[in-house]
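Some notes on the structure that comes next.
The values are calculated or read from the model by the stated rules, or taken from the named source; none is laboratory data. No experiment lies behind these values; they were computed from the predicted model shown. Glycine gets a Cβ as well: all are built from the backbone with ideal geometry, and neighbour counts include every protein chain shown.
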Amino acid sequence: MEPIVLASGSLRRQEYFRLFGLPFNIMPAKLDEIPRPGQTPGEYTQDMAVRKINAIIGQLRGQIPRWICGADTVIAVDGEIFGKPTDRNEAKKMIESLAGREHEVSTSIALFNGKKQTIDCRTVKSEVVFAPLSEKEVEWYLNTGEWQGVAGSYKIQGLGGCFVTSIKGSYSSIVGLPMHEFYRMLIDNGYQYGP
């Protein structure tokens, strides 16, 4: 199989690439992650996934690999996008906003085919419901440090899962890489994978 450049430093996405058995190189894209005015969560994640690919193409200047994958995940409550918290106080506000409510998780994944010079981008939206949380539970979770560097300040695959009462949609997408859509994307774009 041909190697894929993963334009992300996400450990969760790296774990999924290993699960798929894909050869890959990690090259996190460096760009601002500020939503543009009026963007929906899905538009924002699509934009970010494609921008990550374009940033890598720009960095490599002519030595473009055959395959580059970009992805982005955000959480939204009532249309307000929650990215990665900058500090504990911001994480606390996010967790408190999620408590006792349903929120949307949008993940977009984009695949660049260097041979065809095309980018295929797909988005998966899922709904997650949090249980009501006491102040003590919020502080306990913040003390774990698990909120650092993750969209919405929690990891569903970690202790953040203690607060999730239900999900509707794709669990792997909530974690950061929608497995079914990624599998289809590889096949649809001519990557030699699967049966």
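Below, the figures for the structure above:
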read-out	value
Residue within region 173-181 that is more than 24 Å from Glu43 (Cα to Cα) and out of contact with any Phe, Trp or Tyr (no Cβ under 7 Å at 6 or more places or on another chain) present	no
Single residue of region 60-69 satisfying the filter (over 15 Å from the mean Cα position of the chain (by Cα) and either without any contact (Cβ under 8 Å) to a residue 40 or more places away in the chain or part of a strand (DSSP E or B) (or both)) that is surrounded by the fewest Cβ atoms within 10 Å (Cβ to Cβ)	Gly62
Wholly within region 79-169, strands (runs of 3 or more DSSP E) carrying at least 2 residues that are closer than 24 Å to Gly9 by Cα	80-82, 102-113, 118-130
Count - residues of region 47-106 that are farther than 24 Å from Pro132 by Cβ and aromatic (Phe, Trp, Tyr)	1
Residue, nearest to Ile95 (Cα to Cα), within region 131-152, restricted to residues that are of a type in the set (Gly, Ala, Ser) and buried (at least 17 other Cβ atoms within 10 Å of the Cβ)	Gly152
Sole exception among (1) surrounded by 14 or more Cβ atoms within 10 Å (Cβ to Cβ); (2) assigned to a helix (DSSP H, G or I); (3) over 14 Å from the mean Cα position of the chain (by Cα) for Ile187, by number	(1)
Search result, residues across region 40-54 that are closer than 12 Å to Leu111 by Cα and of a type in the set (D, E, K, R)	Arg51, Lys52
Test: residue in region 39-52 that is at pLDDT 90 or above, outside any strand (DSSP E or B) and among the acidic types (Asp, Glu)	yes
Meets criteria (without any contact (Cβ under 8 Å) to a residue 12 or more places away in the chain and either out of contact with any Pro (no Cβ under 9 Å at 6 or more places or on another chain) or under 19 Å from Phe163 (Cβ atoms) (or both)) for Asp72	no
